[in-house]
Amino acid sequence: MAFIHVPKPWQLPERVATSETAFLNRRKFLKAFTGFSIAGAALPLLGCQSQATEGDPLQGVVSLPADRNPTFVVSDRPLTNERVAATYNNFYEFGSNKHIWDEAQRLPTHPWQVEVTGLVKNPRTYDLDDLLKFDLEERVYRFRCVEAWSMVVPWIGFPMKVIMQQVEPTSQAKFVRFTSFYDRQITPGPSFPPSQFLPWPYTEGLRIEEMANDLAFFAVGIYGHTLPKQHGAPIRAVLPWKYGFKGAKSIVKIEFIDRQPATYWNTLAANEYKFESNVDPTVPHPRWSQARERLIGPDSEFTFTEVPTLPYNGYGEFVANLYT
Ligand code: MTE
């Protein structure tokens, strides 16, 4: 995260965020989906209905219909073009540059399980098809990276509190830790700094009150389809009032614990990447200001509009009460 790519300034187009995808009829999809599950197939939907070809950043994705939740729309900024979002990523397991979408195709996402464990009454392991059976919705969120660039992204998924309701954290549970997929053979990490010195696997965490907040979201899709691998397929965290690094990708484990967990970036540089890391224009990163951000695109990573950064990334009405 140390290097910032600074493209040329550009005018903000006047169009506002609108869906770029035509969704399938939700009921039809669920019926077909249930049929597959009853037939005992291990989610044949995933990985077999590619909407794009090999060599394409959108390879392997499958339509995932979900109604947009009107509470979570963005009207002051345009939706980022999906190909821009899919080719400008941070996924250090595959390298430290922004263009790792091709390397990320090595991630094995099928089958996939997420273990939910620790201080809970009902520990559970979810298969991917369990997760896709939750009531999915689309939410358009502002997305602000700690590196001072931002996008506007339509995620598909479900609120984190849905999982909490199922596993029931005990009264001792104060924090949650998310662990991302890691396998040295598959996720070699960056060549610099040398990967063997980095605190793998990638982990992140929240207070459980933060996890229970309405905004805290698990995404299983984006732009009307399943997540491309580079976005953290098949399931990742999305926390729009925090800097983007808090949103762990490709989650394999969710643990409820009684103390604040060590996390990847905080372990590497605690003074630069705080555990809480709420978007705050008044608190500069030690090496750069957070007062403004480069809103990328909407149609190219090489264009941007500079806009003021909003406290809590504009989500204060939902979360400010957590921090009084
Ligand atoms: N999760 C994992 N496992 N590995 C990572 O390197 N990068 C984080 C976050 N989640 C990261 C991660 C950072 S720094 C950002 S800004 C976002 O993912 C980027 O998400 P995107 O590539 O989908 O835009």
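Tabulated values for the structure
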{"read-out": "Strands (runs of 3 or more DSSP E) completely within region 208-318 that count 1 or more residues being in contact with a Cys (Cβ under 9 Å, 6 or more places away or on another chain)", "value": "292-296"}
{"read-out": "Within region 241-271, tally of residues that are more than 12 Å from the ligand (Cβ to nearest atom) and under 24 Å from P65 (Cα atoms)", "value": "0"}
{"read-out": "Neighbours by Cβ (under 9 Å, 6+ apart or cross-chain): first from region 93-105, within 12 Å of P190 (Cα to Cα); second within 11 Å of the ligand (Cβ to nearest atom) and of a type in the set (V, I, T)", "value": "E93/I100; E93/T187; F94/I100; F94/T187; K98/T87"}
{"read-out": "Total residues in region 71-112, condition part of a loop (DSSP other than H, G, I, E, B) and open to solvent by less than 40 Å² (accessible area, probe 1.4 Å)", "value": "17"}
{"read-out": "Any hit, region 272-281, residues being among the aliphatic types (A, V, I, L, M), open to solvent by less than 20 Å² (accessible area, probe 1.4 Å) and within 13 Å of the ligand (Cβ to nearest atom)", "value": "yes"}
{"read-out": "Qualifying residue in region 250-267 (condition: within 14 Å of S150 (Cα to Cα) and open to solvent by less than 40 Å² (accessible area, probe 1.4 Å))", "value": "no"}
{"read-out": "Members of region 194-223 that are small (G, A, S) and open to solvent by less than 10 Å² (accessible area, probe 1.4 Å)", "value": "G205, A216, A219, G221"}
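The values are calculated or read from the model by the stated rules, or taken from the named source; none is laboratory data. Remember, it's a predicted structure, so these values are computed and weren't measured experimentally. Glycine also receives a Cβ, built like all others from the backbone with ideal geometry; neighbour counts cover every protein chain displayed. Calculation scope for accessible area: heavy atoms of the full protein, side chains included, ligands and nucleic acids excluded. Shrake-Rupley method; radii C 1.70, N 1.55, O 1.52, S 1.80 Å.
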